[in-house]
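Single-structure report; data block below.
The values are calculated or read from the model by the stated rules, or taken from the named source; none is laboratory data. Keep in mind it's a predicted model, so treat the numbers as computed, not measured. A quick note on method: Cβ atoms are made from the backbone with ideal geometry, for glycine too, and the neighbour counts reach across all protein chains shown. Surface areas here come from the heavy atoms of the whole protein model, side chains and all, with no ligands, DNA or RNA. Shrake-Rupley method; radii C 1.70, N 1.55, O 1.52, S 1.80 Å.
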Amino acid sequence: MESKKFIGPEAIIEKKKKYIMPCLGHFYKKPAQMVKGSMQYLWDSTGKKYLDMYAGVSVMNCGHCNPEILEKMKAQIDELQHVCNIYLTENFVNLAEKLAAVTPGDLQKSFFCSTGSEATEGAFLLASVYTGNSEIIALRHGLHGRTKLGMSVTGLTMWRTDPNPVGGIHFAPNPNCYRCPMNKKFPECDYACANAIEDLIKTSTSGKPGAFIAETIQGNAGCVVPPKGYFKRVKEILDQYNTLLIIDEVQTGFARSGKMFAIENYDVVPDIMCMAKALGNGAPISAFISTAKIADTYTRPGASTLGGNPVSSTTAMAVLDYIEEHKLMENAAARGKQLRSGLRELQKKHPVIGDVRGLGLMDGAEFIHADGSPAPEVLDDVLETLKDRGFIIGKNGVDRNVMAFQPPLVITEENVNDVLNALDLVLTEKKL
């Protein structure tokens with residue numbers, strides 16, 4: 001890879017300014033141009049190699065340019081690329097059958113589309129059709145897409161392009177035990193944040209809202225992991241008011257949490273579940289799935305031109321096979337445990353790390369000042385230095401102060417040790 005083959009970061013930024021809408025930003029003060037990927041590694045236009053610890057925000061769970069998956073994808077491209085799902089092909093029904101087998105409980109019938117935003121929007125539509133009520137309860141600090149309705153149920157101000165949300169939406173406290181919105185401590189709180197949902201239903205809604213939506217782990221809020229019994233309490237409350245539970249697994253699905261879907265860690269079966277990102281391992285595909293009882297009320301004509309097209313469906317089937325055959329759930333659980341253990345050792349040594357949390361390989365380290373306040377500027381500096389040393393790590397959080405680890409699930413024990421050692425060295429050098 002010679003640099004002359006590529007226009008380089010500065011030229012890309014200039015073209016972005018001229019031709020791309022300004023809502024799209026980028027990481028780093030001095031970003032690189034990424035030109036090649038292979039499993040857990042990336043290369044830039046200068047030939048520099050990086051360990052990718054973010055996976056394109058939980059997309060490349062099976063690794064970049066995974067040869068086993070690409071082989072099947074390329075073969076399908078040579079045979080049939082697209083006819084729209086109003087015509088009969090077997091790829092998407094085989095995928096739907098497979099999803100019914102790997103999703104929890106009695107989730108059975110799927111609708112395929114192309115993006116996570118579409119899947120969320122479709123889930124709300126289905127809930128409204130089934131319940132006859134379009135009111136929605138969401139969590140503060142959740143993020144559910146880039147459509148008008150998806151942004152309206154997003155409880156993060158920075159991700160709301162339009163500050164005027166759709167009506168009929170209510171926000172409940174999110175289960176963040178490090179920065180509890182109710183100023184309580186778990187477990188003495190007795191799931192006060194979950195109990196607040198019932199108060200909200202009684203006082204702020206019609207009394208029978210159509211749906212409650214939550215990410216199993218709040219990604220953009222800072223890898224916020226609810227305590228073990230949280231979703232059981234929520235489901236008990238919702239069932240009393242005939243309100244459907246929609247679980248957003250767009251970031252957490254497909255082995256990232258150590259289970260195929262993160263909600264399985266909570267022993268709860270949602271009424272509707274959304275998925276995208278890692279389902280296609282880089283190919284655009286998403287879906288929402290529900291029980292036959294709920295799904296069968298969606299009878300008026302509906303289609304998605306590119307949803308479940310032959311190439312994306314074939315790729316998704318290959319992804320599911322790869323996850324099972326290469327035991328990615330087990331690796332995510334083991335490497336995640338190793339990563340969090342290492343981060344907690346660093347936390348003892350470096351006071352800038354205020355909290356370590358996560359599940360499987362969706363993990364966050366919250367950066368703070370001495371007084372406990374968020375330290376996003378410190379995190380940015382550390383991430384820039386780690387990038388220069390060959391490590392790509394993400395960031396999220398309400399204050400953008402959480403170092404986010406969401407790597408390809410093919411990473412090794414050595415990879416985790418390498419990133420922990422690099423982080424230790426950087427924090428030590430910066431006296432953090």
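In table form, for the structure just shown:
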read-out	value
Strands (runs of 3 or more DSSP E) completely within segment 205-297 that count 1 or more residues being open to solvent by less than 10 Å² (accessible area, probe 1.4 Å) and without any contact (Cβ under 8 Å) to a residue 40 or more places away in the chain	244-248
Matching strands (runs of 3 or more DSSP E) fully within segment 3-67 where at least 1 residues are open to solvent by 40 Å² or more (accessible area, probe 1.4 Å), in the same structural domain as D381 (by the TED database) and more than 23 Å from L420 (Cα to Cα)	34-38
Condition check for P209: in the same structural domain as E135 (by the TED database), over 18 Å from the mean Cα position of the chain (by Cα) and closer than 14 Å to P175 by Cβ	no
Segments classed as helices (runs of 4 or more DSSP H), wholly inside segment 76-192, with at least 3 members that are touching a residue at least 24 places away in the same chain (Cβ under 8 Å) and in the same structural domain as T315 (by the TED database)	91-102, 116-131
Cβ pairs under 7 Å, 6+ apart, first in segment 322-334 and farther than 10 Å from K259 by Cα, second part of a helix (DSSP H, G or I)	Y322/E68; Y322/I69; I323/M329
Subset of segment 298-332 that is outside any loop (DSSP other than H, G, I, E, B) and among the charged types (D, E, K, R) - its residue that is surrounded by the most Cβ atoms within 10 Å (Cβ to Cβ)	D321
Residue in segment 152-163 that is surrounded by fewer than 18 Cβ atoms within 10 Å (Cβ to Cβ), within 22 Å of K235 (Cβ to Cβ) and among the basic types (K, R) present	no
